[in-house]
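Down below is the structure, laid out as C-alpha cells.
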Amino acid sequence: GVASGRCAFNNRGPVAATSCIGSEELFRFIDGNRAVAVLPLMNSLYQKQLSRIPRLTSIVDVKKIDASGDSVSIAESEYHLDGFDSKLNFSTAATHSREGKSIVTLRSSDEQGLSNILITHPGSHEKIRSMLGSARYVVTEYGSAALFGKTIRERAVALIDIAHPRHRQSLVAEAKEAGIMYPDQIYSVGHAMNYPRDLEKEKTFRGGLEALFRPIRASDEDMMRRLFYKISGNGVYMRYLTSVRTMPHSKMQTYVNIDYQSTLSLVGVIRKRGIEHIIAECRYAWGAGEETHEIAFIVDEEYQGRGIGMYMVDRIISVARERGIMKLTAYVLAENEKMSRVLEQAAVVPDVQINEYEKEYTFYLDDSLAARDSYNF
C-alpha cells in the first residue's frame, strides 16, 4: 500500500519517529528524506499534540493484565527511554482523539502455559505498570473485551471470556474469592466456548444509527439490566406478558447465561461516547411443553421506529432456519400493536391464532414455504 501523509503528524510527513535502528541502507533512506520526520521525544510523544490526530489508534502489547484492565506487567525490554512509557503517551492520547481507540493486546497464556489474564498480580510489582485508565479494549486470540465505562466485576467477566478456556474456571473461582464477582455468579466455560462469533454483524439504521448485533454474553448482565430499567412499565409488561418491577442479579444472570443451542439471544449494541449500551434484544428458546422455540424481542423506546425490531426478527428467523429449526412461535398481548405489526411483516409469513387476550404467531420454517423477500443481512 501507500502512505499518503494526508493526515500526517503536524503536517511534516507520513512517518514520524524519535529514533531509528537498522542498517546503513535504512540510514541513507532517512537522511534528507522529506517523507520522514525524526523529532525530539517531547514533540512526537506530547499527548496534546497526538490527541489532535483524528481516529488515532494505539496498540500496546503487554505480558499480563489484571481484572481491572488497568494494571499490566511488561517485558524488561520495555524499561528503556522510549519503551512502555512512550507507548503509554500514545494510549492516553488515543482516548482524547476524535474516534480514537486505545487497545491492549496479549497472548492468553505464557510460555509455561499459565494465564496471562490475572485477577491480581502476584508477588513483586517491580514490572507492573498502570495504563492510567486508558485501556478501552483488550484483545487476545480468543476475542476482544470492551472495558470503558464498566465496573470491575463487568471487566473481570469480560476478560475471563477472552482468557484461555483451560484457565477460565479457576479465574472465576479466584474472582469470587477476591470479592470481585458475586459468590453465586454463574459462568459456564462450555457455553462460553460455544459462542457463535460468526453471528456478529454491523448494521446501519435510519438516522445513521450504527449498531453491532452479536450473541449475548455472560458479561452483558449489567447492560441488560440497564436496558430493562430504561424500558417503561408498559413496555416491560408487553414484553414479558406480566408486570415485572425488578430484575435482580439472580434472574438476570440466568437470562444472559445461555447455551447458544436450545436458546439463542442476539443483542444490538451501540457506543455513546465510547461506552457500550445494549438497545435491543431478540431471542428464541426451546419450550419443551409446546414442542416449539418461542421467540420474543424488545427495543429501547428511544430507538424504536428505525426498523430495528424488524431486522432482529428476520435475523433470528434466518439463523433458526439455518440451524434446522422447523417452528418458531411468538405470544403477543392483543393490545400490543407495535409487536404485532413487526411479526406480521416478517420475511416469513406467520400463521396467526387470535383469542380475547393474546395473539399467537407461528412461523413454519420448512423450505417449501416461500419467504416474502430474500434475507438481506
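The values are calculated or read from the model by the stated rules, or taken from the named source; none is laboratory data. In this text, all values refer to a predicted model and were calculated from it rather than measured experimentally. For neighbour counting, all protein chains shown are included, and Cβ atoms are generated from backbone atoms with ideal geometry for every residue, glycine included.
All of (1) out of contact with any helix residue (DSSP H, G or I) (no Cβ under 7 Å at 6 or more places or on another chain); (2) more than 16 Å from MET238 (Cβ to Cβ) hold for MET312 with one exception: (2).
When SER144 is tested against (1) at pLDDT below 85; (2) assigned to a strand (DSSP E or B), exactly one condition is not met: (1).
Of all residues in region 319-340, those that are free of Cβ contacts under 8 Å to residues at least 60 places away in the same chain, surrounded by 18 or more Cβ atoms within 10 Å (Cβ to Cβ) and of a type outside the set (Val, Ile, Thr) total 5. Hey, any hits in region 147-160 for a residue that's surrounded by 13 or more Cβ atoms within 10 Å (Cβ to Cβ), touching a strand residue (DSSP E or B) at 6+ places or on another chain (Cβ under 7 Å) and of a type in the set (Asp, Glu)? Taking every residue of region 147-160 in turn, none turns out to be surrounded by 13 or more Cβ atoms within 10 Å (Cβ to Cβ), touching a strand residue (DSSP E or B) at 6+ places or on another chain (Cβ under 7 Å) and of a type in the set (Asp, Glu). The numbered conditions (1) of a type in the set (A, V, I, L, M); (2) buried (at least 18 other Cβ atoms within 10 Å of the Cβ); (3) in contact (Cβ under 8 Å) with a residue 60 or more places away in the chain; (4) out of contact with any strand residue (DSSP E or B) (no Cβ under 7 Å at 6 or more places or on another chain) are all true for ILE275 except (2).
Please pick out the residue among ARG239, ARG206, ARG197 that is out of contact with any Pro (no Cβ under 7 Å at 6 or more places or on another chain) and surrounded by 13 or more Cβ atoms within 10 Å (Cβ to Cβ).
Sole residue among the options that is out of contact with any Pro (no Cβ under 7 Å at 6 or more places or on another chain) and surrounded by 13 or more Cβ atoms within 10 Å (Cβ to Cβ): ARG239.
Here SER144 does not qualify as closer than 19 Å to ASN89 by Cβ and not acidic (Asp, Glu).
Within region 305-316, the residues that satisfy the criterion of being farther than 16 Å from PRO196 by Cβ, at pLDDT 95 or above and either part of a strand (DSSP E or B) or not charged (D, E, K, R) (or both) are GLY307, ILE308, GLY309, MET310, TYR311, VAL313. Selection over region 240-293 of residues that are more than 19 Å from the chain's Cα centre (by Cα), of a type in the set (A, V, I, L, M) and within 18 Å of MET326 (Cα to Cα) gives a count of 2.
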